[in-house]
Amino acid sequence: RAHCPLPPTPPLVSLIIPTRDGHDVLRTCIESILHKTTYPHLELLVVDNQSSCPRTLAYLDAPAARPQGDVRVLRHDQPFNYSAINNMAARHARGHVLGLINNDIEVINPDWLSELVSHALRPEVGCVGAKLYYPDRSVQHAGVVLGIGGVAGHSHKYFPGHADGYFGRLRISHNVSAVTGAVLLLRKEVFDQVGGLSEDALAVAFNDVDLCLRLTQAGYRHVWTPFAELFHHESKTRGSDSTPEKQARFARERD
């Protein structure tokens, strides 16, 4: 394992967490980040996208109800557009490094953020992704491979969490074509260089893959590391793409 050094004063990291309702998973996400993370310099930007659940609104509106930490709540009173939500939050971010974080993420190892930041600060690196697990500890994300499912899909999906993977890839940090936006870190200057996420063409799906591909064209490489481990409870608050309208939107974004 190669350890990439952090500077003596690690930079501020802005973690962007979009949410709509989902009080229980959101609370687990925020509290696990603030209570388990050893990285010393971070802020949380929670973006409320038209929540209506009283418990969620009370949690967001009352700082005393949340754990101690630098948590800011931003409002995005527009229809769901993942790209627009994160682009808006990035404009409010104070950090040198941005983190795109789903609201259904739960931290496992305390040095997860230090590991991701250590790669994100490398000048040749664009996006950095983590090892994500389903609640049963099977692998949910180990990097993105282009071509799976006709567009792109996760490497080693459903492998046992303790598996070595193809040629040991689940055990080592390595370059990948893309990483999921569920946990994605990159320098803010890199994000801004390519204009952030694609709001018009990719409101919901594949915007993370598109971001990685545009950064590849700009000369950056992407890294996946197994030494940042988190649970991902898999889009619990967004719901599935089961309606005809959502399926048509998915087809447009896939194309």
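The values are calculated or read from the model by the stated rules, or taken from the named source; none is laboratory data. Source: prediction; values computed, not measured. Ideal geometry is used to build each Cβ from the backbone, glycine not excepted, and the neighbour counts take in all protein chains shown. For accessibility, only protein heavy atoms count, side chains too; no ligands or nucleic acids. Shrake-Rupley method; radii C 1.70, N 1.55, O 1.52, S 1.80 Å.
Numerical summary
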read-out	value
The lone exception for L34 - which of (1) within 15 Å of the chain's Cα centre (by Cα); (2) under 17 Å from F231 (Cβ atoms) it fails	(1)
Complete set of residues in the range 29-47 that are within 24 Å of M88 (Cα to Cα), in contact with a strand residue (DSSP E or B) (Cβ under 8 Å, 6 or more places away or on another chain) and open to solvent by 10 Å² or more (accessible area, probe 1.4 Å)	L34, H41, L42
Matching residues, the range 136-158, being in a strand (DSSP E or B), closer than 19 Å to H232 by Cα and open to solvent by 30 Å² or more (accessible area, probe 1.4 Å)	V145, H154
Selection status of S118, touching a strand residue (DSSP E or B) at 6+ places or on another chain (Cβ under 8 Å) and of a type in the set (G, A, S)	no
Long-range neighbours under 6 Å by Cβ, at least six apart or interchain, first residue closer than 22 Å to V183 by Cα within the range 33-58, second assigned to a helix (DSSP H, G or I) and of a type in the set (S, T, N, Q)	Y39/S114
G161 being in contact with a Phe, Trp or Tyr (Cβ under 6 Å, 6 or more places away or on another chain) and crowded, with 23+ Cβ neighbours inside 10 Å	no
Considering residues of the range 164-196 that are in a strand (DSSP E or B) and open to solvent by 20 Å² or more (accessible area, probe 1.4 Å) only, the residue farthest from R214 (Cα to Cα)	H174
Unmet requirement for N87, which otherwise passes all of (1) within 26 Å of E234 (Cβ to Cβ); (2) in contact with a strand residue (DSSP E or B) (Cβ under 8 Å, 6 or more places away or on another chain)	(2)
Residue that is surrounded by fewer than 17 Cβ atoms within 10 Å (Cβ to Cβ), among the acidic types (D, E), under 28 Å from L121 (Cα atoms) and more than 17 Å from the chain's Cα centre (by Cα), where the choices are D77, D70, D24	D70
